[in-house]
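K.L.:
Quick one: the structure is below, questions incoming.
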Amino acid sequence: MFDFFKKKKPPAAAAAPIETGPAVPLPLAGRKGHVGAIEAVTLDGTMYFFGFDFSSDLVLSPLIADIDLAARFASQHMTQRDGTHDEAYWRELAGYAVDGSELAAEIESRTFSTESLAAAIASLARVRREGTVEPGFAIEYHLRYLLGAAGGWEVPEEAGDEDADEWIDVISGNEPLAGGTTLTGIADRLQAHLNALVDAAPGNWATKFAVLKA
């Protein structure tokens, strides 16, 4: 009859929160299980890592600013010729991408700034308006290549890149203008090509390099 005087059991201690870390990104366009390596580019002072399949010329991942997260992505979604590997293995490989690259040997080819890209697009717009050469004009080949590889080479044929390097040389004045063409027309075609590259690129490849569109 005196049960109501009994002490109540203390509440159970709350479970300690589980530290999961940032979510591992998904592969681009379902590109899971590809044999590849980790490469890197630098944009506005931040180094971004990404998976790359050399045999297919395909970017496998979004741009990842955390080297450990890039290694985790690779351990879950990429392989080597001898099979899958753990995060520690991929972390070591990612370290090589900090100072080197199998895609572009020169660090300048892997380093970009939004400001300089915006300036290049502004120069291209001037050529489109005025039809005169722009000495020193350039948009790094490696960046255009990576955007194409991220987009799975889905650039429409009419905006293809078979002449993009030649267009840049003509716009900069390094190559003569071919008969029957105009600088305005060539600049328009190059801008259409850049627009198509960005439009085809998935995820943050498109947002990080949206400055190339006009």
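Only the coordinates and a few stated rules stand behind these numbers; no lab work does. Quick caveat: nothing in here was measured; it's all calculated off a predicted structure. Neighbour counts are summed over all protein chains in view; Cβ atoms, including those assigned to glycine, are modelled from backbone coordinates with ideal geometry.
K.L.:
Give me a count of the residues in the stretch 162-205 that are surrounded by 19 or more Cβ atoms within 10 Å (Cβ to Cβ) and either over 20 Å from L63 (Cβ atoms) or among the small types (G, A, S) (or both).
P.N.:
14
K.L.:
From the list A206, A164, which residue is among the small types (G, A, S), without any contact (Cβ under 8 Å) to a residue 12 or more places away in the chain and in contact with a helix residue (DSSP H, G or I) (Cβ under 6 Å, 6 or more places away or on another chain)? Before you say what the answer is, go through the steps one by one.
P.N.:
Values: A164 fails: without any contact (Cβ under 8 Å) to a residue 12 or more places away in the chain.
Sole residue among the options that is among the small types (G, A, S), without any contact (Cβ under 8 Å) to a residue 12 or more places away in the chain and in contact with a helix residue (DSSP H, G or I) (Cβ under 6 Å, 6 or more places away or on another chain): A206.
K.L.:
The conditions are (1) among the hydrophobic types (A, V, I, L, M, F, W, C); (2) exposed (fewer than 14 other Cβ atoms within 10 Å of the Cβ); (3) in contact with a helix residue (DSSP H, G or I) (Cβ under 7 Å, 6 or more places away or on another chain), and L124 fails exactly one of them. Which is it?
P.N.:
(2)
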